[in-house]
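J.: This structure is in structure tokens; I'll ask about it shortly.
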Amino acid sequence: MNFPEFRNREGEKLDTSFHEGSREGVLLILGHGLTGNKDRPLLVELAKGLSKRGWPCLRLSFSGNGNSEGRFEDATITKGTEDLQAVLDALPSGLQVAYCGHSMGGAIGTLTAAADVRIQVLITVSGMVYTANFCEREFDDLTPGEDVMWEDPKCPLTQAFIDDLTDIGDTLDVAHEIDVPWLFIHGTDDDVVPILDSEDAFATTDTVKEIIEIDGADHTFDAESYPQVVDAVDAWLNEHMS
């Protein structure tokens, strides 16, 4: 499968990695979480495992993250949805597209799938739902413009980021608008995005849905739980993508 160079509407190049798969006419896009990028172990292991089962996978770094162009200071959930739509715009016509987002990437996927019919299957892994609560819980004692996220100097905390999380509030309203098959995966020991986020979104949406809670898994999962995530996503894609 050949892809063009992906650029968002600001003209920033978006870094991607493609994993070949034997199935034709389908593509799974994988999006990362806050302070992450396409090369985080969870996304890499998902793409490797699913491509071996025939699913072509495209790992994406949102602008300002990883090797994508742009400033981290400008990275928000809203800008992430614009990045994802730019990728969808550039894909060959006729593809069946599924999206799998981790953490904040899950919120990006939810917002995008509610507005863009080109996402035909949605998967959220440790998906963020209560964005304002997350912001308050993680960053309430920090000063935008001075402090950094989780003691990482490469990830400065900005007022724009805080305002975006606060303005979104949560993704429950748009969850009502999702009408494509939606798989929720969450670890029971997630201490970054509580499992309640997935449970509440699952209870809210009226679409075809399933929730899988992986016992003992934390926010980013690990070598023991990666295969369980791969199995769950593979089964969902087999059921809902022709």
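J.: With the requirement that a residue be surrounded by fewer than 22 Cβ atoms within 10 Å (Cβ to Cβ) and touching a helix residue (DSSP H, G or I) at 6+ places or on another chain (Cβ under 6 Å), what does region 21-34 give you?
T.: GLY21
J.: Kindly indicate the residue of region 102-140 that is outside any loop (DSSP other than H, G, I, E, B) and polar (S, T, N, Q) and also surrounded by the most Cβ atoms within 10 Å (Cβ to Cβ) among those meeting that condition.
T.: Top of the filtered list is THR124.
J.: Considering each of VAL192, VAL148 in turn, give the residue that is over 18 Å from LEU50 (Cβ atoms) and touching a His at 6+ places or on another chain (Cβ under 6 Å).
T.: VAL192
J.: Being more than 13 Å from the chain's Cα centre (by Cα), polar (S, T, N, Q) and closer than 22 Å to ALA132 by Cα is the filter here, so list the residues in region 34-76 that pass it.
T.: Answer for region 34-76, where residues must be more than 13 Å from the chain's Cα centre (by Cα), polar (S, T, N, Q) and closer than 22 Å to ALA132 by Cα: SER63, ASN65.
J.: Restricting attention to region 13-30, report how many residues are of a type outside the set (Gly, Ala, Ser), touching a residue at least 60 places away in the same chain (Cβ under 8 Å) and assigned to a loop (DSSP other than H, G, I, E, B). Give the steps one after another, and end with the answer.
T.: Initial filter on region 13-30 (of a type outside the set (Gly, Ala, Ser)): 13-16, 18-20, 23-24, 26-30.
Add one more test, that the residue is touching a residue at least 60 places away in the same chain (Cβ under 8 Å), and what stays is 14, 16, 26-30.
Now narrow it down to the ones that are assigned to a loop (DSSP other than H, G, I, E, B): 14.
Counting residues in region 13-30 that are of a type outside the set (Gly, Ala, Ser), touching a residue at least 60 places away in the same chain (Cβ under 8 Å) and assigned to a loop (DSSP other than H, G, I, E, B) gives 1.
J.: Here's something else I'd like to know. So which residues in region 181-211 are among the acidic types (Asp, Glu) and either assigned to a loop (DSSP other than H, G, I, E, B) or surrounded by 18 or more Cβ atoms within 10 Å (Cβ to Cβ) (or both)? If you could, list the steps in order and put the result at the bottom.
T.: Initially, region 181-211 is screened for residues among the acidic types (Asp, Glu), giving 189-191, 197, 199-200, 206, 210.
Passing the criteria: ASP189, ASP190, ASP191, ASP197, ASP206.
J.: Follow-up question, since we're still on this one. Look through region 166-180, keep the residues that are of a type outside the set (Gly, Ala, Ser), in contact with a helix residue (DSSP H, G or I) (Cβ under 6 Å, 6 or more places away or on another chain) and assigned to a helix (DSSP H, G or I), and return whichever of them is nearest to GLU136 (Cα to Cα).
T.: For region 166-180, the residue satisfying everything is THR166.
J.: Inside region 31-63, can you point out the residues that are part of a loop (DSSP other than H, G, I, E, B), touching a residue at least 40 places away in the same chain (Cβ under 8 Å) and closer than 28 Å to PRO153 by Cβ?
T.: To start, the set of residues in region 31-63 that are part of a loop (DSSP other than H, G, I, E, B) comprises 32-40, 53-56, 61-63.
Retained after the next criterion (residues that are touching a residue at least 40 places away in the same chain (Cβ under 8 Å)): 32-36, 40, 53, 55-56, 61-63.
Result: HIS32, GLY33, LEU34, THR35, GLY36, ARG40, SER61, PHE62, SER63.
J.: OK, next. Looking for something free of Cβ contacts under 8 Å to residues at least 12 places away in the same chain and over 18 Å from the mean Cα position of the chain (by Cα) - is there at least one such residue anywhere in region 126-133?
T.: Here is the first cut: in region 126-133, the ones free of Cβ contacts under 8 Å to residues at least 12 places away in the same chain are none.
No.
Laboratory data are not the source of any read-out in this text; all were calculated from the coordinates shown. Given the structure is predicted, the values throughout are model-derived calculations rather than measurements. Counting neighbours? That spans all protein chains shown, and the Cβs are built from the backbone with ideal geometry, glycine included.
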